[in-house]
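Asker: This structure is in structure tokens; I'll ask about it shortly.
No lab work stands behind these numbers, since they all come straight from the coordinates. Predicted model, so just to flag it, every value in this text is computed and none were measured. Here the Cβ positions follow ideal geometry from the backbone for every residue, glycine too, while neighbour counts run over all protein chains shown.
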Amino acid sequence: MVQGTMGYQFQNWATTYSSEPELYFEPTTVEEIRQILELAKQRKKRVKIVGCGHSPSDIACTDDYLIRLNKFNRILQVDKERKQVTVEAGMVLSDLNEKLDELGLALSNIGAVSDVALGGVIGTGTHNTGIQHGILATQIVAMTLMTAAGDTIECSYTVNRELFQATRLHLGSLGVVLNVTIQCVPAFKLHLQQFPKTLTEVLNDLDTHLKASEYFRFFWFPHTDKVTVFYADRTDKPIKTSSSWFWNYAIGYYLLEFLLWISAFFPRLVPWINRLFYWLLYSTKVEQVKRSDKAFNFDCLFKQHVSDWAVPIKQTRAALEQLKDWLDNNPNVRVHFPVEVRFVRADDILLSPCYKQDSCYINIIMYRPYGKEVPRERYWAMYEEIMKRNGGRPHWAKAHSFLRQDFEKTYSAFHKFCSIREELDPSGMFLNNYLEKTFF
């Protein structure tokens, strides 16, 4: 019989959420997972699955049983002809990237962070950018799930299709994802270009930028009209990087954290810091060539609060201009850079923020230098109001104020997902506080 550990404390990467589960498990076999679920059923306990704990919310927190699938980390099958790999759900994306590279393969798009478990990034709707590309889960072609009853179910585009469209963004609410089959592409490199613009220029030429680069995104620096545009496109050019410890870390990490800490006591410095770091790090043209996964990844720097909502792409200008106007008219609200803006293709995944609509993700951030909290309540509240006003849907991994009635208004397939969840988990074994606010 599998044994759980008492006294374990879970804390997410940003140290903003934590919990103390009654029992913590690291199963090594499918049968051990089944035993844990049976034990939970007998003792009327709830169960949560956690990956690497990178989600900046309480989506993985529980006081009952917590399972980490870090020992489910193997590639099970490689179909070279179809360029598909079947992988256990606990594999960390950074490890998968290396193994795929050895096979001459890659994922067509990944998020900004690779120190995350595959089952988690699928389950929370992780995305990056590129209007030709969907959220990460759109690359999944088949999955195997264990339900609360201990049954295993396979689903794909051709088998249990409706369940498949739910499971590709499952929120940990449908069961335990055991393995996934991913559609890969031949390994590729990306030519990265960084260049300065203004927010007005980018919004005026948005369609041009979307067509000009396969993976287009930009940073806006609040309290200014400054923008840094990032293009990334496939290339056969040799690897060429411009990494510098002085600029990337001495300036871009250590000096920035120190100045943001000072600004916690003297908030009037924040707009000056935003302008300074734009000038130091983002105001000149830079070109690099990197392996695709290295190009997609982005250093998250130090601890932080973030919020990330997807609005219909046609609302990009309105949402950003409303946010900028509000900050301009409320000079006592000082906010950190950057506001990151990315673009994602529509899909048919039931709870995807991009369900049936091409979307623009607008991500805001407030750092916690040396762990110090900074005021963000007014910024967060107005940002969410603006996102809602423009038809926004929150990123599932990140803390937000949406409740069931909000999801019902914004997701036409919400009730279908709820029906599937209730059928697979009638007793609510996989619920927690986060999911109760979602479904009840």
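Asker: I need the shape label for segment 197-260. Rule: rounded when a/c is under 1.5, else prolate if a/b > b/c, else oblate, with a, b, c from the alpha carbon gyration tensor.
Answerer: Working: a/c = 4.01, a/b = 1.21, b/c = 3.32.
It is oblate, given that a/c is not under 1.5 and a/b is not larger than b/c.
Asker: Turning to a different aspect of this structure: For the chain, build the charge dipole from Cβ charges (+1 Lys, Arg; -1 Asp, Glu) around the Cα centre, then report which of W309, M366, T138 sits farthest towards its positive end.
Answerer: So the residue we want is M366.
Asker: On a straight-distance basis, which lysines could pair with K41 in a cross-link, Cα separation under 30 angstrom, same-chain partners fewer than 8 positions away excluded?
Answerer: Straight-distance partners of K41: K71, K398, K416, K437.
Asker: Report the Cα centroid-to-centroid distance between segment 123-147 and segment 43-102 in angstrom, as an integer.
Answerer: That distance is 13 Å.
Asker: In sequence order, what are the phi-derived ³J(HN,Hα) couplings for segment 131-143 according to the Karplus relation 6.51 cos²θ - 1.76 cosθ + 1.60 with θ = phi - 60°, rounded to whole Hz, with x for glycine and proline?
Answerer: For segment 131-143, the Karplus-derived couplings read 5, 7, 10, x, 4, 3, 5, 5, 8, 7, 10, 6, 9 Hz, x marking Gly and Pro.
Asker: Using a Gaussian network model on the chain with a 10 Å cutoff between Cα atoms, which of N363, N160, N12 fluctuates the most?
Answerer: N160
Asker: Run the quick spin-label model on I251 and E321: label points 7 Å from Cα toward the beta carbon, then report their separation in nm to one decimal.
Answerer: Spacing of the two 7 Å Cα→Cβ label points: 3.4 nm.
Asker: If r is the Cβ-Cβ distance from S156 to S18 and R0 is 30 Å, what FRET efficiency results, to the nearest 0.05? Could the numbers behind the result be given before it?
Answerer: Numbers: r = 36 Å, r/R0 = 1.21.
Plugging the Cβ-Cβ distance into 1/(1 + (r/R0)^6) gives 0.25.
Asker: For segment 189-394, state what percent of all Cα-Cα pairs lands in each successive 5 Å bin, counting from 0 Å until the bin that includes the largest distance.
Answerer: Histogram of Cα-Cα distances, whole percents per bin: 1, 7, 14, 18, 20, 18, 13, 7, 2, 0.
Asker: Here's something else I'd like to know. Rounded, prolate or oblate, given the Cα gyration tensor of segment 336-410, with a/c below 1.5 counting as rounded? Spell out each step's value before the answer.
Answerer: On the way: a/c = 2.24, a/b = 1.68, b/c = 1.33.
Cα axes put segment 336-410 in the prolate bin.
Asker: Going highest first, how would you order 291-300, 131-140 by mean Cβ packing within 10 Å?
Answerer: The peptides rank, most packed first, as 131-140, 291-300.
Asker: Below 18 Å Cα-Cα, how many Lys pairs turn up in segment 221-336? Only count pairs eight or more apart in sequence, or on different chains, if you could. It would help to have the intermediate numbers written out before the result.
Answerer: Numbers: K226/K285; K226/K324; K237/K290; K237/K294; K240/K285; K240/K290; K240/K294; K314/K324.
Eligible lysine pairs with Cα atoms under 18 Å apart amount to 8.
Asker: Could you sort the peptides 105-113, 2-10, 169-177, 406-414 by per-residue average Cβ neighbour count (10 Å cutoff), highest mean leading?
Answerer: Values: 105-113: 20.9, 2-10: 12.4, 169-177: 26.0, 406-414: 15.8.
Descending mean neighbour count gives 169-177, 105-113, 406-414, 2-10.
Asker: With the dipole of segment 1-124 worked out from charges on the C-beta (+1 for Lys and Arg, -1 for Asp and Glu) around the Cα centre, which of T16, Q42, Q77 lies farthest toward the positive end?
Answerer: The residue sitting most towards the positive pole is Q42.
Asker: Would you kindly state how much longer the chain becomes between L403 and S419 on full extension, computed as 0.36 nm times their sequence separation minus their alpha carbon distance, in nm to one decimal?
Answerer: Details: separation 16, 0.36 × 16 = 5.76 nm, distance 1.73 nm.
Between L403 and S419, full extension yields 4.0 nm more.
Asker: Can you figure out the FRET efficiency of R268 with F195, using R₀ = 30 Å and their beta-carbon distance, to the nearest 0.05?
Answerer: 0.50
Asker: While we're on this one: Got the relative contact order for the chain handy, in percent, Cα pairs under 8 Å and 6 or more residues apart?
Answerer: Working: 929 pairs, mean separation 77.9, N = 440.
Over the chain, the number comes to 18 percent.
Asker: Distance in nm between label sites at T284 and Q3, each 7 Å beyond Cα in the beta-carbon direction?
Answerer: Inter-label distance under the simple model: 5.9 nm.
Asker: Projecting each Cα onto the charge dipole of segment 107-212 (Lys/Arg +1, Asp/Glu -1 at the beta carbon, about the Cα centre), which of F195, T158, A148 comes out farthest on the positive side?
Answerer: Positive-most Cα among the choices belongs to F195.
Asker: Using the Cα atoms of segment 75-186, I'd like the radius of gyration and the largest Cα-Cα distance, Dmax, both in angstrom.
Answerer: For segment 75-186, the Cα radius of gyration and maximum Cα-Cα distance read 13.2, 39 Å.
Asker: For the peptides 70-80, 25-35, what is the packing order when you average, over each peptide's residues, the other Cβ atoms within 10 Å and list the highest mean first? Show your work: numbers first, answer last.
Answerer: Working: 70-80: 15.2, 25-35: 16.7.
Ranked by mean Cβ neighbours within 10 Å, highest first: 25-35, 70-80.
Asker: Could you list the GluC sites (Glu not before Pro) in segment 79-148 that lie in coil according to DSSP, counting only those with at most 14 other Cβ atoms within 10 Å of their Cβ? Working shown, then result.
Answerer: Working: sites: E81, E88, E98, E102; in loops: E81.
The qualifying sites are E81.
Asker: Still on this structure: Length gain on complete extension for the stretch K437 to K237, per 0.36 nm per residue less the alpha carbon to alpha carbon distance? Intermediate results must be reported in sequence, preceding the final value.
Answerer: On the way: separation 200, 0.36 × 200 = 72.00 nm, distance 4.93 nm.
Between K437 and K237, full extension yields 67.1 nm more.
Asker: Between L103 and L259, what is 0.36 nm times their sequence separation minus the Cα-Cα distance? Round to one decimal in nm. The partial results should precede the final answer.
Answerer: Details: separation 156, 0.36 × 156 = 56.16 nm, distance 4.42 nm.
Net length gain for the segment: 51.7 nm.
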